[in-house]
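Asker: The structure under discussion is supplied below as C-alpha cells; questions concerning it will follow.
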Amino acid sequence: MKYAKDDSVVVVLSAICGNLLLTIAKFSGWLISRSPSMLAEAIHSFADTSNQILLYVGIQHSRSGPSREFPWGQGSSRYLWNLISAVGIFFVGFGATTYHGISSLFKPHEAFRSELYWLSITILALSFFVEGYVLTIAYKKMKKKQGKRSLRDIILSGDDPTITAVLLEDSIAVLGVVTALTGLWLSHIYQSHLPDAIASIIIGLFLGIMAVLLAFVNGRLLIGMAVSEAKEKDIRQFIGRYPSVEKVISLKTQILGPNMVKLTAEIEFHGGIMFDRKQVESDAELIREGEEPLPILVDTIERTVRVVGNEINTLERAIRERFPEISSISLEVY
C-alpha cells in the first residue's frame with residue numbers, strides 16, 4: 001500500500017528535536033537553581049519528548065497495510081499509541097509536576113541568587129522561542145488540513161489527532177513557559193517560594209487538562225467513531241442520486257485510520273433499469289413458441305445476477321472516485 005506524504009511526520013519530528021533540546025536545558029537549569037517551576041517545565045518537556053516519540057511510533061505502525069491478521073490494515077494503531085501518549089502525559093506530566101509543586105508549598109526552596117535567577121530566565125526564554133517555532137509548524141499543518149472546518153471540529157471529529165496532539169502540547173508548553181517565567185519573576189521580586197510553587201501546580205493542571213482531552217479524542221476513534229454528520233450526508237446524497245439507485249435504506253461509516261473510512265450501506269436498485277427488456281421479451285417469445293422454460297429462466301436469473309454485480313462494482317468505483325478516503329465498501333442490495 002502506498003502512502004501520501006504525511007504532514008504528521010514533519011510536525012512530530014520537529015517537536016521531538018525541539019523538546020529534546022529543551023529537556024536537557026531545563027533539567028540543567030533545575031539542577032543549578034532548584035526552582036519548582038523549572039523542574040515542572042523540565043518534566044513537561046521530558047513528557048512531551050517521550051510522548052512525541054510514541055506518536056512517531058504510532059505513525060510508522062499505522063502504515064502497515066492489510067494482511068490476513070488485519071484485513072482492514074492497522075491505521076487505528078495510531079490512535080492506540082496516541083492514547084498511550086495521553087496516559088503518559090497524565091501520570092508523568094500532571095502527576096509528577098503537581099505533586100512536586102504541592103510539596104514545594106510546604107517545603108520552601110532557597111531564595112535565588114541573582115545569577116541563578118537570570119540563568120533560569122534565559123533558559124525559559126530560549127524555551128519560549130523553540131516551543132513557539134514548533135507550535136507555528138503544527139499550526140500551519142493544521143490549517144492546511146482544516147479547510148472550511150472549524151478548529152473545534154478538527155480536534156473533536158478529525159481522523160488524525162497526531163497533529164492535534166502536537167498543537168495542544170506546544171500550546172500548553174508556551175503557556176507553561178509564560179507561567180514559569182511569571183512564577184520565577186514574582187519569587188525573585190518578593191523573595192518568596194510561593195509564586196514559583198504555584199506556577200508549578202498550574203503547569204501540572206494544564207498538562208492534566210490536555211491529557212484528558214487527548215484521551216477522549218483518541219478513545220472515540222479507537223472504538224469506531226463515524227465520520228462527521230455532514231460527510232455522511234454527502235455520501236448518502238451521492239449514492240441516492242446515482243442513476244440505478246432507487247433509495248438508500250441505511251448507511252454507516254467507521255473511521256479505520258487517517259484518510260481510511262469503512263462504508264456499509266443497504267440500497268435498493270431501480271428494478272426497471274436492472275435488466276435488458278428486449279432480452280426478456282425475446283425469452284418470453286421463445287417460451288411461447290414451445291421452448292423448454294426452465295433453461296431460459298435460469299439464463300435470465302444468471303444474467304440478472306451478473307447485471308446487479310456489475311452495477312455494484314460500478315457504483316463502488318464511483319464512490320471511491322468521489323470520496324478517496326473510503327478504503328472499504330460493503331453494499332447490500334434489497
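For (1) at pLDDT 85 or above; (2) touching a Ser or Thr at 6+ places or on another chain (Cβ under 7 Å), each residue gets a yes or a no:
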| site | (1), (2) |
| --- | --- |
| Y190 | no, no |
| I198 | yes, no |
| I201 | yes, yes |
| S228 | no, yes |
| E232 | yes, yes |
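Asker: Please find, within the stretch 52-76, the residue that is modelled with the highest pLDDT out of those that are of a type in the set (A, V, I, L, M, F, W, C) and under 24 Å from D170 (Cα atoms).
Answerer: I53
Asker: Evaluate the following for V212: is it out of contact with any Phe, Trp or Tyr (no Cβ under 6 Å at 6 or more places or on another chain), in the same structural domain as G58 (by TED's automatic domain parsing) and surrounded by fewer than 16 Cβ atoms within 10 Å (Cβ to Cβ)?
Answerer: So V212 fits the description; yes.
Asker: Those residues that are without any contact (Cβ under 8 Å) to a residue 60 or more places away in the chain, surrounded by 13 or more Cβ atoms within 10 Å (Cβ to Cβ) and either basic (K, R) or under 16 Å from T314 (Cα atoms) (or both), I need them from the stretch 232-248; list them, please.
Answerer: R236, G240, E246
Asker: Kindly indicate whether any position in the stretch 82-92 is more than 20 Å from F206 (Cα to Cα) and not charged (D, E, K, R).
Answerer: No, the stretch 82-92 contains no residue that is more than 20 Å from F206 (Cα to Cα) and not charged (D, E, K, R).
Asker: Sort through A86, A96, A25, A42 and tell me the only one that's assigned by TED's automatic domain parsing to the domain that holds S192, of a type in the set (G, A, S) and modelled with pLDDT under 80.
Answerer: Every option except A96 fails the conditions.
Asker: Of everything in the stretch 106-122 that's touching a Phe, Trp or Tyr at 6+ places or on another chain (Cβ under 9 Å) and within 20 Å of D170 (Cα to Cα), which residue is modelled with the highest pLDDT?
Answerer: Among those that are touching a Phe, Trp or Tyr at 6+ places or on another chain (Cβ under 9 Å) and within 20 Å of D170 (Cα to Cα), it is I121.
The values are calculated or read from the model by the stated rules, or taken from the named source; none is laboratory data. All of these numbers come straight from a predicted model, not from anything done at the bench. Positions of Cβ are generated from backbone atoms using ideal geometry, with glycine treated the same way; all protein chains shown enter the neighbour counts.
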